[in-house]
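Undergrad: I'd like to ask some things about the structure below.
The values are calculated or read from the model by the stated rules, or taken from the named source; none is laboratory data. Source: prediction; values computed, not measured. All Cβ positions, glycine included, derive from the backbone under ideal geometry; neighbour counts span all protein chains shown.
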Amino acid sequence: MPEGHKGHLPRPARCVKSIITNPTTARLDMSEKSPLPLTSHMAKGLQGSARVPGDKSVSHRALMLGALAVGETTVEGLLEGEDVLATANAMRAMGATVERRENGVWHLWGRGVGGLSEPETVLDMGNAGTGMRLVMGLVASHPFTAFFTGDASLCKRPMRRVAEPLERMGARIVARSGVRPPLAVVGTDAPLPIVFELPVASAQVKSAILLAGLNTPGTTTVIEPEPTRDHSERMLKHFGARVDVGPGPKGGRIVTLHGFPELTGRQLVVPADPSSAAFPTIAALIVPDSEVTLPEVGTNPLRFGLYETLKEMGADILLRNPRELSGEPVADLVIRSSRLKGVVVPPERAPSMIDEYPILAVAAAFAEGTTRMQGLRELKVKESDRLAAMAEGLAKAGVAVEVEGDDLIVHGKGRPKGGVLIETNLDHRIAMSFLVLGLGSEQPMRIDDSRAIATSFTGFVELMQGLGARIEASSPLIIAIDGPAAAGKGTLARRIAAHLNLAYLDTGLIYRAVGMKAQREGLEPVKAAQMLTPDDLKAPDLRSEEGGQAASKVASIPAVRAELLEFQRRFAAHPPPPAVGAVLDGRDIGTVVCPNAKIKLFITASDEARAGRRHKELLERGESSIYARVLEEMQARDERDRNRSVAPLVPAPDAVVLDTTLLTADAAFEAALRIIADRTHA
Ligand code: C5P
């Protein structure tokens, strides 16, 4: 298989169907699930008003309590991200009726407290840590077993903290090592009310216990070491449950739920999510000449730490028209571009803004002075190690950052350089944070994949574009290298690909394989192209001069070229991840295969220099070789390549011609890198 394939092959082209369906490579075919890289460019000034999607925490709880309430519940403004949809599916799977009407309003008919039924299938919670932990709580006090799974990232996250109290209530949790999903919750028919002191402040664990407490006799009590998000308490009260909240021993609170409440259907409007609003908020702050309004954003004090911090940094944010929606405080935020300054963010604030540190770190990069974000331990066990991801990404973008224990320290200088690619590891907040950074940085920012953004903020890109941001799909960087035989393009292409982390495709090898297969198996060349397999590309004699001659003969047949074209184009358009671009070398890459390639090189050298190099190479390989013969054969092959009717060997009009006659391999490489750098900036 050509180097750079490494077993990944892009979507099937007819000619290489057999390669694609080869069992060892097929599983790596990302055809329907290709990453969606994006680039964000410096914006001129963001203007306008936009409602960000509904609050994720409130959306999860609205569905769960609607599924337990008697009668009809309607929910407007539900966050329709994959996480919340997974919760909706879980509620359906346990017997509730959950419908989305055309106008976007959700209608639920619940089963009453204790009325859920055993799901027939595995509950797939996708990427949702909240969904998984809260639904585990619901199941714990029902007399049945439910199986849970999630995506690769969720399956890495430990569920011990929630499993422990639920087991004390009488449920049993059977999980993989480290109490990680997939896991089963074996619910109990005789749940015990508990008084549980949270070892670590966690709204998810508190909520799981309270939800389990609904179908538990007596009172279930959770003692927090410090206040955590109270959406569950607010929503439980809103649906008619009795929840007493009092001060706790260490500054936290004591929350007591009275079991077997009668929950009745409600009409809910979900506030806009303050965690999602954080992205356009910071974008408006860092992009000069911006004024953005974000209506109905939740201002629950336990979620509003970011905005408090931004105010301290000097942000111009107005809370207009404060009011209540579904038991939650909201206001319309009006944000204007501001000169920010560095601040210390104390660890006590972490619970009220844990999801916001990545985007706060971006704000800090644009501030003047140092911002020290303290006590971010929780950030390491989120969708990814966000502390490390932010530190690495910011450093790459030219920001001075340090990690000291659990603290993230950002030395802001007003405007970062940017101009780099960030690997998001499927973390939506990391993806959005670096796209926002690119709206204000000197050079555009690229992210490798934006698919994860939908888990919390569907329509993020469109909303930002509506405000005037330039965020667009990044097309893969394609470097086309053409030239006559033995000009040194293969060596060069390989080095460039390795240097720039791009995938590499040696298209000559494909023609050689077709030529040799046709010869060996006595096949029509077109047939040989159609039947090409990965093994054909590994044949030992492909690199011989005989292979070159065989290649150049089949390469002049239009039908053979047509067979191979689609595969080469797909390789360029969908380079095997994590590469975000590809280097292809051959004869017609810049002219036919990738006429739109950003960078085109035509590598050439005098006939004598090329023949001399090939002659030396053959001798070094221990093959017998006569210089004059090599020269003659090479010239014959070039002749055929130049004069054929399809895809003749010529430099593309926009190719840069590099003559390597007098250059060493190193000098040619340096020269090529300079051309690439010039072209990339242009
Ligand atoms: O590059 P390499 O010497 O391996 O190519 C072998 C032959 O394959 C060339 O002489 C040419 O006839 C053919 N070829 C082509 N188009 C390409 C790559 C190779 O026609 N893109």
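Undergrad: Are any residues in the range 490-509 more than 10 Å from the ligand (Cβ to nearest atom), of a type in the set (Ser, Thr, Tyr) and more than 28 Å from the chain's Cα centre (by Cα), and if so, which ones?
TA: THR491
Undergrad: OK, next. Considering only the range 482-509, state which residues are touching a Phe, Trp or Tyr at 6+ places or on another chain (Cβ under 8 Å) and buried (at least 21 other Cβ atoms within 10 Å of the Cβ).
TA: Selection gives ASP482, GLY483, LEU492, ALA493, ILE496, ALA497, ALA503, LEU505.
Undergrad: Further, regarding this structure: I'd like the residue in the range 140-154 that is surrounded by fewer than 18 Cβ atoms within 10 Å (Cβ to Cβ) and either in contact with a Phe, Trp or Tyr (Cβ under 7 Å, 6 or more places away or on another chain) or modelled with pLDDT of 95 or more (or both) and, out of all such residues, is nearest to PHE196 (Cα to Cα). Working first, answer last.
TA: Of all residues in the range 140-154, those surrounded by fewer than 18 Cβ atoms within 10 Å (Cβ to Cβ) come to 143-145, 147, 149, 152.
If we keep only those that are either in contact with a Phe, Trp or Tyr (Cβ under 7 Å, 6 or more places away or on another chain) or modelled with pLDDT of 95 or more (or both) as well, we get 143-145, 147, 149.
Working: PRO143: 22, PHE144: 23, THR145: 23, PHE147: 25, THR149: 26 Å.
Selected residue: PRO143.
Undergrad: State all residues of the range 583-614 that are more than 18 Å from VAL656 (Cα to Cα) and at pLDDT below 95; if no residue qualifies, say none. Quick ask: steps written out before the conclusion?
TA: First, the residues of the range 583-614 that are more than 18 Å from VAL656 (Cα to Cα): 607-614.
Passing the criteria: ARG613, ARG614.
Undergrad: Could you tell me which of the residues GLU308, GLU296 is acidic (Asp, Glu), free of Cβ contacts under 8 Å to residues at least 60 places away in the same chain and either over 30 Å from GLY112 (Cα atoms) or not in a strand (DSSP E or B) (or both)?
TA: Working: GLU296 fails: free of Cβ contacts under 8 Å to residues at least 60 places away in the same chain.
Testing whether each residue is acidic (Asp, Glu), free of Cβ contacts under 8 Å to residues at least 60 places away in the same chain and either over 30 Å from GLY112 (Cα atoms) or not in a strand (DSSP E or B) (or both) leaves just GLU308.
Undergrad: Has the range 634-643 got at least one residue that is modelled with pLDDT under 90 and of a type in the set (D, E, K, R)? First the steps, then the outcome.
TA: Filtering the range 634-643 down to residues modelled with pLDDT under 90 leaves none.
There is no residue in the range 634-643 that is modelled with pLDDT under 90 and of a type in the set (D, E, K, R).
Undergrad: Then there is this: Identify, from the list LEU408, LEU477, the residue that is closer than 30 Å to VAL657 by Cβ, buried (at least 21 other Cβ atoms within 10 Å of the Cβ) and not β-branched (Val, Ile, Thr). Spell out how you get there, then give the answer.
TA: Working: LEU408 fails: closer than 30 Å to VAL657 by Cβ.
Sole residue among the options that is closer than 30 Å to VAL657 by Cβ, buried (at least 21 other Cβ atoms within 10 Å of the Cβ) and not β-branched (Val, Ile, Thr): LEU477.
Undergrad: If you don't mind, another one. Based on what the data block shows, is ALA652 closer than 30 Å to GLY419 by Cα and within 16 Å of the ligand (Cβ to nearest atom)?
TA: On the way: closer than 30 Å to GLY419 by Cα: yes; within 16 Å of the ligand (Cβ to nearest atom): yes.
Spelling it out, ALA652 is indeed closer than 30 Å to GLY419 by Cα and within 16 Å of the ligand (Cβ to nearest atom).
Undergrad: Please determine whether any residue of the range 186-194 is within 19 Å of PRO225 (Cα to Cα) and either in contact with a strand residue (DSSP E or B) (Cβ under 9 Å, 6 or more places away or on another chain) or not assigned by TED's automatic domain parsing to the domain that holds ARG133 (or both). Can you show your working first?
TA: Applying the first criterion (within 19 Å of PRO225 (Cα to Cα)) to the range 186-194 yields 194.
Those still in the list that are either in contact with a strand residue (DSSP E or B) (Cβ under 9 Å, 6 or more places away or on another chain) or not assigned by TED's automatic domain parsing to the domain that holds ARG133 (or both) too: 194.
Yes: one or more hits.
Undergrad: Just to be sure before I move on: is ARG100 out of contact with any Phe, Trp or Tyr (no Cβ under 9 Å at 6 or more places or on another chain) and basic (Lys, Arg) in the structure I sent?
TA: Working: out of contact with any Phe, Trp or Tyr (no Cβ under 9 Å at 6 or more places or on another chain): no; basic (Lys, Arg): yes.
So ARG100 does not fit the description; no.
Undergrad: Could you tell me whether PRO575 is out of contact with any helix residue (DSSP H, G or I) (no Cβ under 9 Å at 6 or more places or on another chain) and within 19 Å of GLU639 (Cα to Cα)? Let's see the steps before the verdict.
TA: On the way: out of contact with any helix residue (DSSP H, G or I) (no Cβ under 9 Å at 6 or more places or on another chain): yes; within 19 Å of GLU639 (Cα to Cα): no.
Considered against the rule, which asks whether it is out of contact with any helix residue (DSSP H, G or I) (no Cβ under 9 Å at 6 or more places or on another chain) and within 19 Å of GLU639 (Cα to Cα), PRO575 comes out as no.
Undergrad: Right, something else. Based on what the data block shows, is VAL245 aliphatic (A, V, I, L, M), at pLDDT below 95 and either surrounded by fewer than 18 Cβ atoms within 10 Å (Cβ to Cβ) or over 37 Å from the mean Cα position of the chain (by Cα) (or both)? Give the steps one after another, and end with the answer.
TA: Working: aliphatic (A, V, I, L, M): yes; at pLDDT below 95: no; either surrounded by fewer than 18 Cβ atoms within 10 Å (Cβ to Cβ) or over 37 Å from the mean Cα position of the chain (by Cα) (or both): yes.
For VAL245, the condition - aliphatic (A, V, I, L, M), at pLDDT below 95 and either surrounded by fewer than 18 Cβ atoms within 10 Å (Cβ to Cβ) or over 37 Å from the mean Cα position of the chain (by Cα) (or both) - is not met.
Undergrad: Taking the criterion of being surrounded by fewer than 17 Cβ atoms within 10 Å (Cβ to Cβ), modelled with pLDDT under 95 and of a type in the set (Gly, Ala, Ser), would at least one residue in the range 184-207 satisfy it?
TA: Looking through the range 184-207, none of the residues is surrounded by fewer than 17 Cβ atoms within 10 Å (Cβ to Cβ), modelled with pLDDT under 95 and of a type in the set (Gly, Ala, Ser).
Undergrad: Is it fair to say VAL646 is more than 31 Å from the chain's Cα centre (by Cα), surrounded by fewer than 20 Cβ atoms within 10 Å (Cβ to Cβ), away from the ligand (no atom under 12 Å from the Cβ) and of a type in the set (Val, Ile, Thr)?
TA: no
Undergrad: Also, quick follow-up: Say whether the condition of being buried (at least 18 other Cβ atoms within 10 Å of the Cβ), more than 15 Å from ALA485 (Cβ to Cβ) and polar (S, T, N, Q) is met by at least one residue in the range 579-596.
TA: Scanning the range 579-596, I find at least one residue that is buried (at least 18 other Cβ atoms within 10 Å of the Cβ), more than 15 Å from ALA485 (Cβ to Cβ) and polar (S, T, N, Q), so the answer is yes.
Undergrad: Looking for whichever is part of a loop (DSSP other than H, G, I, E, B), among the small types (Gly, Ala, Ser), assigned by TED's automatic domain parsing to the domain that holds THR73 and within 17 Å of ALA86 (Cα to Cα) here; the options are ALA201, ALA152. Which one fits?
TA: Details: ALA201 fails: within 17 Å of ALA86 (Cα to Cα).
Answer to the check: ALA152.
Undergrad: Follow-up. Would you mind telling me which numbered condition in (1) surrounded by fewer than 17 Cβ atoms within 10 Å (Cβ to Cβ); (2) at pLDDT 95 or above; (3) touching a helix residue (DSSP H, G or I) at 6+ places or on another chain (Cβ under 8 Å); (4) in a helix (DSSP H, G or I) ALA365 fails?
TA: Result: ALA365 passes all but (1).
Undergrad: Could you tell me which of the residues ALA175, ALA152, ALA201, ALA208 is within 29 Å of the chain's Cα centre (by Cα) and without any contact (Cβ under 8 Å) to a residue 40 or more places away in the chain?
TA: Details: ALA152 fails: without any contact (Cβ under 8 Å) to a residue 40 or more places away in the chain; ALA201 fails: without any contact (Cβ under 8 Å) to a residue 40 or more places away in the chain; ALA208 fails: without any contact (Cβ under 8 Å) to a residue 40 or more places away in the chain.
Result: ALA175 is the single residue among ALA175, ALA152, ALA201, ALA208 that is within 29 Å of the chain's Cα centre (by Cα) and without any contact (Cβ under 8 Å) to a residue 40 or more places away in the chain.
Undergrad: Here is a follow-up. Condition first: of a type in the set (Ser, Thr, Tyr) and either over 14 Å from PRO181 (Cβ atoms) or assigned to a loop (DSSP other than H, G, I, E, B) (or both). Now tell me which residues in the range 139-149 satisfy that. Can you show your working first?
TA: Here is the first cut: in the range 139-149, the residues of a type in the set (Ser, Thr, Tyr) are 141, 145, 149.
Residues satisfying the conditions are SER141, THR145.
Undergrad: Grab the helices (runs of 4 or more DSSP H) fully contained in the range 510-622, keeping just those with 2 or more residues being touching a residue at least 40 places away in the same chain (Cβ under 8 Å), within 13 Å of the ligand (Cβ to nearest atom) and not small (Gly, Ala, Ser).
TA: So the answer is 545-554, 558-573, 607-620.
Undergrad: Looking only at residues in the range 416-469 that are aliphatic (A, V, I, L, M) and touching a Ser or Thr at 6+ places or on another chain (Cβ under 6 Å), which one is farthest from GLY126 (Cα to Cα)?
TA: So the residue we want is LEU439.
Undergrad: Could you please find all residues in the range 623-671 being under 14 Å from ILE481 (Cα atoms) and part of a loop (DSSP other than H, G, I, E, B)?
TA: Looking only at the range 623-671, we keep the residues that are under 14 Å from ILE481 (Cα atoms), and these are 649-660, 668-669, 671.
If the condition is that a residue be under 14 Å from ILE481 (Cα atoms) and part of a loop (DSSP other than H, G, I, E, B), then LEU649, VAL650, PRO651, ALA652, PRO653, ASP654, ALA655, THR660 are the ones that fit.
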